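Asker: This is the structure I have questions about; it appears just below.
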Amino acid sequence: MSPILVRIKRLLIAGKYRFSFKAETEMQADSLEPSDIVEAVTNAPEIYKSLRSTNMSRFAKERLYVIYGTTYDGVPVYTKGTIRDVDGAEIYYFFISSKRDA
């Protein structure tokens, strides 16, 4: 398992994560709870892909992580997020999407 995925999983287990408004909206649309998203990412065997954000309104050269995982009930979930420093503490920020994998 990659060191970055281990770092992300530790942040989630410690409760150090946040959701963007868009991610929260998508979770509601797909009837998913925050715990479903955390389960899916902690169950993921790998980071599907990593890329640089091209959106100028985001933090400069932010690294995005696309992670596919499943909940304990077997629901497949697709997420995108990044590791950010917020008020001097590291968090995992779900900001593009958190939804059922189609």
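The values are calculated or read from the model by the stated rules, or taken from the named source; none is laboratory data. These numbers come from a predicted model, not from an experiment. Glycine also receives a Cβ, built like all others from the backbone with ideal geometry; neighbour counts cover every protein chain displayed. Heavy atoms of the whole protein, side chains included, go into the accessibility calculation; ligands, DNA and RNA do not. Shrake-Rupley method; radii C 1.70, N 1.55, O 1.52, S 1.80 Å.
Asker: List every residue whose amide H lies under 5 Å from the amide H of Ile47, counting only residues 5 or more places away in sequence or on a different chain, with H placed 1.01 Å from N in the peptide plane.
Answerer: The answer is Ser2.
Asker: Net charge near Arg52, counting Lys/Arg +1 and Asp/Glu -1 over other residues with Cβ under 9 Å of its Cβ? Don't skip to the answer; put the middle values down first.
Answerer: Numbers: positive: Lys61, Arg63; negative: Glu62.
Result for the local shell: +1.
Asker: Still on this structure: Hey, with R₀ at 25 Å, roughly what FRET efficiency would Ala89 and Asn43 work out to, going by the Cβ-Cβ distance, to 0.05? Write out the running numbers ahead of the final one.
Answerer: Details: r = 25 Å, r/R0 = 0.99.
The pair Ala89/Asn43 has a calculated efficiency of 0.50.
Asker: At 7 Å along the Cα-to-beta-carbon direction for both Ser35 and Phe21, put a label point, then send me their distance in nm to one decimal.
Answerer: 2.8
Asker: Step through the table entries Lys9/Lys49; Lys22/Lys61; Lys16/Lys49, compare each Cα-Cα distance with 19 Å, and write down the pairs that go over it. All intermediate terms of the calculation are to be shown ahead of the outcome.
Answerer: Details: Lys9/Lys49 16 Å; Lys22/Lys61 21 Å; Lys16/Lys49 22 Å.
Correct reply: Lys22/Lys61; Lys16/Lys49.
Asker: Would you kindly derive the ³J(HN,Hα) couplings of the range 38-43 from the backbone phi angles with the Karplus curve 6.51 cos²θ - 1.76 cosθ + 1.60 (θ = phi - 60°), listing them in order in whole Hz, with x for Gly and Pro?
Answerer: Here the 3J(HN,Hα) series is 4, 4, 4, 6, 5, 8 Hz.
Asker: Rounded to two decimals, what is Rg over Rh for the range 4-55 when you use alpha-carbon atoms and the Kirkwood radius? The partial results should precede the final answer.
Answerer: On the way: Rg = 12.1 Å, Rh = 12.3 Å.
Here Rg/Rh amounts to 0.98.
Asker: In the chain, what % of DSSP beta bridges are antiparallel (nearest 5)? Don't jump to the answer; show the numbers that get you there.
Answerer: On the way: 20 of 23 bridges.
The antiparallel fraction comes to roughly 85 percent.
Asker: Also: Test of the criteria: in the range 19-55, which chymotrypsin sites (Phe, Trp or Tyr not before Pro) are in a DSSP loop and have at most 15 other Cβ atoms within 10 angstrom of their Cβ?
Answerer: Tyr48
Asker: Enumerate the calculated ³J(HN,Hα) couplings along the range 6-22 in order (Karplus 6.51 cos²θ - 1.76 cosθ + 1.60, θ = phi - 60°), each rounded to whole Hz, writing x wherever the residue is Gly or Pro.
Answerer: Taking θ as phi minus 60°, the curve returns 4, 4, 4, 4, 5, 5, 5, 4, 7, x, 9, 8, 9, 10, 6, 4, 4 Hz for the range 6-22.
Asker: Can you put Glu24, Glu33, Glu39 in order of accessible area, largest first, using a 1.4 Å probe? Each step should come with its number before you reach the end.
Answerer: Values: Glu24 85, Glu33 110, Glu39 40 Å².
Listed by decreasing accessible area, they come as Glu33, Glu24, Glu39.
Asker: At 1.4 Å probe radius, can you tell me the per residue accessible area of the chain in Å²?
Answerer: On the way: 6050 Å² over 102 residues.
I get 59 Å² per residue for the chain.
Asker: In 10 Å bins starting at 0, how do the alpha-carbon pair distances of the chain split up by percent?
Answerer: Binned Cα distances yield the sequence 16, 53, 29, 2.
Asker: Kindly write out, for the range 62-77 in residue order, the coupling ³J(HN,Hα) from the Karplus curve 6.51 cos²θ - 1.76 cosθ + 1.60 (θ = phi - 60°), rounded to whole Hz, with x marking Gly and Pro.
Answerer: Running phi through 6.51 cos²θ - 1.76 cosθ + 1.60 with θ = phi - 60° gives 5, 8, 9, 10, 9, 10, 9, x, 10, 6, 5, 8, x, 7, x, 9 Hz.
Asker: For Leu64, what residues show an amide H to amide H distance below 5 Å, using hydrogens built from the backbone and excluding near sequence neighbours?
Answerer: Those lying under 5 Å, H to H, from Leu64 are Leu51, Arg52, Ser53.
Asker: Still on this structure, I have one more. Under 5 Å between amide H atoms, partner at least 5 residues away or on a different chain: which partners does Thr71 have, H built in plane at 1.01 Å?
Answerer: Close amide H contacts, sequence-distant or interchain: Val77.
Asker: May I pose another question? What part of the accessible area of the chain, given as a whole %, is carbon or sulfur when the probe is 1.4 angstrom? Write down the numbers at each step before the final one.
Answerer: On the way: 3060 of 6050 Å².
Exposed carbon and sulfur together represent 51 percent of the surface.
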